[in-house]
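S.K.: My questions all concern the structure below.
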Amino acid sequence: MSVPREIRTDRLLLRRWVQSDRASFAELNADARVMEHFPSVLTRTESDAAVDRIEAHFERHGFGLWAVEVPDRAPFIGFVGLAVPSFDAHFTPCVEVGWRLAVDRWGRGYATEAARAALAIGFGPLALEEIVSMTVPDNHRSRRVMKRLGMTRDPADDFVHPSQQDHRRHVLYRLQATDFNASHRPA
Ligand SMILES: CC(C)(COP(=O)(O)OP(=O)(O)OC[C@H]1O[C@@H](n2cnc3c(N)ncnc32)[C@H](O)[C@@H]1OP(=O)(O)O)[C@@H](O)C(=O)NCCC(=O)NCCS
C-alpha cells in the first residue's frame, strides 16, 4: 500500500503544499497566539524555510506535514501530519504526529479530524508500530488533541528538547498501532 497524494476527511483535504500556501503560513507563524508555546514567532524568511524543510521531508520519506484545506471554504488553514524528528532523544528514531492551525480555525475539531487521518496513514500504508507526539507541559490545547486521539503519557518519558532554540522540558505521548487499529475497526 502506498501513501495517497491527497487525503480527504469528512470536512478537510490534506494535500501537498502549493506556492500560495506560503503567504498564509507566514501570517500564521507571525501570530503570537499560534506560537505561544514555541520559542518565538517566525519571520517570512523563517516561515518559508520551514516549508522548504517540509517539502524536503516529503521527498525523502514519502509522507510529511500536509497542508490542510477546508474545501470550498478556506484554501489553507495550517498543517497536520507525520514527521521524523531531526534530533536525537531517548525515543528516537520515531515518527511524530503534529499540527499547527490558524487561530480562527481552532475549536472546531479540525486538528483531531486531520490527525486521525494522518494516524490512519501511519498505521496503515506506512505500517508503523508506534507514533508519538510532544509538546511543552503548558500547551493544554495540543495535549487535549493528543488525548482525544487516544495517546497516553508516561511522565518517565518527559525530556528536555535538545534543539538549540528550545531547551525546555517537553511531555511525550505515545500511541501503539494495536490500540489505534482496535478503536478504528469498522463496526
Ligand atoms: C493545538 C491546536 C491544533 C489545537 O486546536 P483545537 O482547535 O483546540 O483542536 P481540535 O481541532 O481538535 O478541536 C477541538 C475543540 O473543538 C471543539 N469542537 C467544536 N466543534 C467540533 C466538532 N464538530 N468536532 C469536534 N470538536 C469540535 C471541541 O469541543 C474542542 O474544544 P475544547 O478543546 O475546548 O474542548 C491549535 O491550538 C494550534 O494550532 N495551536 C498552535 C500550534 C501548536 O501549539 N501546535 C502544537 C505544537 S506541539
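S.K.: Mind checking whether some residue in the stretch 23-40 is of a type in the set (Lys, Arg), over 27 Å from His140 (Cα atoms) and modelled with pLDDT of 95 or more?
M.R.: no
S.K.: For the stretch 122-164, which residues satisfy the criterion of being loosely packed, with under 13 Cβ neighbours inside 10 Å, assigned to a helix (DSSP H, G or I) and of a type in the set (Gly, Ala, Ser)?
M.R.: Answer for the stretch 122-164, where residues must be loosely packed, with under 13 Cβ neighbours inside 10 Å, assigned to a helix (DSSP H, G or I) and of a type in the set (Gly, Ala, Ser): just Ala156.
S.K.: Which ones in the stretch 136-153 are in contact with a Leu (Cβ under 9 Å, 6 or more places away or on another chain) and within 11 Å of the ligand (Cβ to nearest atom)?
M.R.: Selection gives Met146, Leu149.
S.K.: Restrict the check to the stretch 118-126 and report whether at least one residue is within 12 Å of the chain's Cα centre (by Cα), farther than 30 Å from Arg73 by Cα, at pLDDT 95 or above and not charged (D, E, K, R).
M.R.: Checked against the condition, which is being within 12 Å of the chain's Cα centre (by Cα), farther than 30 Å from Arg73 by Cα, at pLDDT 95 or above and not charged (D, E, K, R), the stretch 118-126 yields no hits at all.
S.K.: Check off (1) away from the ligand (no atom under 13 Å from the Cβ); (2) at pLDDT 95 or above for Pro162 and give me the number that stays unchecked.
M.R.: (2)
S.K.: So Ala102 fits all but one of (1) within 19 Å of Met146 (Cβ to Cβ); (2) crowded, with 17+ Cβ neighbours inside 10 Å; (3) touching a residue at least 60 places away in the same chain (Cβ under 8 Å); (4) aliphatic (A, V, I, L, M); what number is the exception?
M.R.: (1)
S.K.: Okay, next question. When the residues of the stretch 105-128 are filtered to those that are touching a Ser or Thr at 6+ places or on another chain (Cβ under 7 Å) and under 18 Å from Lys147 (Cα atoms), which remaining residue is farthest from the ligand (Cβ to nearest atom)?
M.R.: It comes out as Ala117.
The values are calculated or read from the model by the stated rules, or taken from the named source; none is laboratory data. Since the structure is predicted, the reported quantities are computational estimates derived from the model, not experimental observations. All Cβ positions, glycine included, derive from the backbone under ideal geometry; neighbour counts span all protein chains shown.
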